[in-house]
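Notes follow once the structure below has been shown.
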Amino acid sequence: MIRTRFAPSPTGHVHIGNMRAAIYNWLFARSTGGAFLLRVEDTDRERSTPEAVETVIEAMNWLGLQPDEDPVYQSQRRDAHLAAAEDLLSRGLAYKEDKGNTGRGEAVVFRMPGRDMKFEDGVKGGLKKKSKHLQDFVIVRSDGSPVFHLANVVDDIHMGITHVIRGDDHVENSFRHIALYQALNAEAPHFAHLPMIVNAQGKPYSKRDGAAFVGDFREKGYLPEALFNYLVLLGWSPGDDREVMEREEMVRCFTLDRVQSSAAQFDWKKFEWMNGEHLRRLPREVHRQKYTEAIPAAATNPDYLDAVIHVMEERIKKWDDIAPMAGFFFTEDYEYDPKAVEKRLHAPQALELLVELRTAFSDLSDFTAESTEQALRDLAEARAVKPAELIHPVRIAVSGIPQGPSLFHMLQVLGRERVLNRMQITLLKFSPPQ
Ligand code: GLU
């Protein structure tokens, strides 16, 4: 049976690159009927605080990556690591040495087999290394603490791991790890090393490129299903042009051999788009709840709220967009964007045109997206101006902001009374004193 694991070293933050490794391990296990495990590599006492461990577990829960067995804590397995080192020493596969002659005691050094090595990486293909580049290495420090390589391999053997899917910063380590498996008479797992996530400049993706830690995405109001979907597609594809996918769909078609070996570029625009797509798939009830959390006044009129949700659907890419982008629907006290006022309301004739448009709107027999559009276009033609010279000012007048949903649908949702009133207030506010 296939057994995979996520083996993070808790630092207090979970980088999306690590989380992508967790997701691939989870998907691979799910798609093959195997088990997905968690091993917390918490041997660095200073960084691996209980809070740092909790951050990892929270991030996994948020993304729906529950392990199938109790987590293994590496710090509790020290005796097993040291026993393995003793075993290697007793069989002459390791030796003691005062590295650098520090006089601070002897480290345990693993003896590399002294031959060229190769292995088949699930993502990178065949990898090899000459024996002269494979030096002996420390497995237990002179202070008696086991080194990462030893602990990692001993624990993977203990957990029965069959596939190690991890970041390609560990590719070079794999030669050492395979030698350790052999020395410990264990079958080496299959390795698959994932390429790094990079920014638009091709540099390692970091905090400076926007959110880089799972917690940041959560705080900014993005959806776990969107981050999951996006990270899966960052370096993997289903083999056709599907992009927005449900988790079960990804489980059905995930295979390691379609993971790309080249670096994967995080594209914020695309991620935001994907988040918006996942938002739209959520039940209306969730949207209602998020709107009323963001804008308490939204709770007062359910039909109006539904109409707003509908018209804003294309625009809202994350929950945090609701307050700044849809707030104006629910208050007469909305703010005017100063740049937009300058550009659109202080444009020549803008206010005169608004006065006329207001009259045309009040004369309409019914106030719909179609009728308001027709009235606006008729007026533009009559005054020989471009429709945009009316469209922009009226948008600023009724919402205060230069971007939003389709103007005429927005007018219909706001309704005639609000629209006429807002146009009137705007005219009073921005007309030069007589
Ligand atoms: N703790 C290591 C890391 O986070 C684990 C590497 C591995 O998956 O083997 O990089």
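Coordinate-derived values only; no laboratory data. Computed from a predicted model, the values in this text were never measured in an experiment. Heads up, the Cβs are rebuilt from the backbone with ideal geometry, glycines too, and the neighbour counts pull from every protein chain shown.
Structural remarks
- Taking 0.36 nm per residue of sequence separation and removing the Cα-Cα distance, the His133/Glu332 pair yields an extension gain of 64.5 nm.
- Qualifying lysines (Cα of each under 21 Å from Cα of Lys128; at least 8 residues distant if same chain): Lys118
- A helix-only calculation puts the chain at -13500 deg cm²/dmol for mean residue ellipticity at 222 nm, using -39500 (n - 2.57) for each DSSP H run of at least four residues, averaged over all residues.
- Computed log₁₀ I(q)/I(0) - Debye formula, equal Cα scatterers, no solvent, the chain, q 0.07, 0.11, 0.14 Å⁻¹: -0.52, -0.89, -1.22
- By definition, a body whose alpha carbon gyration tensor gives a ≥ b ≥ c is oblate when a/c is 1.5 or more and a/b is not larger than b/c, and the range 365-410 fits this oblate description.
- Mean projection area, nm², convex hull over Cα of the range 142-212: 6.9
- Descending semi-axes in Å of the range 51-98, equivalent ellipsoid built from Cα gyration tensor: 36, 12, 8
- Cα long-axis angle, helix 78-90 against the chain (0 to 90 degrees, to the nearest 10): 40
- Between helix 369-382 and the chain: long-axis angle, C-alpha atoms, 0 to 90°, nearest 10: 60
- When the alpha carbon gyration tensor of the range 326-413 is reduced to an equivalent ellipsoid, the three semi-axes, largest first, read 20, 17, 10 Å.
- When the pairs Lys343/Lys429; Lys124/Lys317; Lys124/Lys203; Lys130/Lys203; Lys99/Lys132 are compared against a 24 Å limit on Cα-Cα distance, Lys124/Lys317; Lys130/Lys203 fall above it.
- In this entry, the range 1-110 is assigned a mean projected area of 9.2 nm², taken as a quarter of its C-alpha convex hull surface.
- Rounded D (µm²/s) - the range 1-53, Kirkwood Rh over Cα pairs, Stokes-Einstein at 25 °C, 0.890 mPa s: 210
- Peptides 10-18, 334-342, 390-398, 214-222 ranked from most to least packed, by the mean per-residue count of other Cβ atoms within 10 Å: 390-398, 10-18, 214-222, 334-342.
- As computed over the range 278-434, the Cα convex hull volume per residue (Å³): 116
- Hydrodynamic analysis of the range 184-261 uses the Kirkwood radius over alpha carbon pairs. Inserted into Stokes-Einstein at 20 °C and 1.002 mPa s, it gives a translational diffusion coefficient of 145 µm²/s.
- Between 0 and 90 degrees, the angle of helix 416-430 with respect to the longest Cα principal axis of the chain falls at about 90 degrees.
- By average C-beta atoms within 10 angstrom, highest first, the peptides 107-116, 375-384, 172-181: 172-181, 107-116, 375-384
- One decimal place: the segment Asn185-Asp366 gains 56.9 nm when fully extended, by the rule 0.36 nm per residue minus the C-alpha distance.
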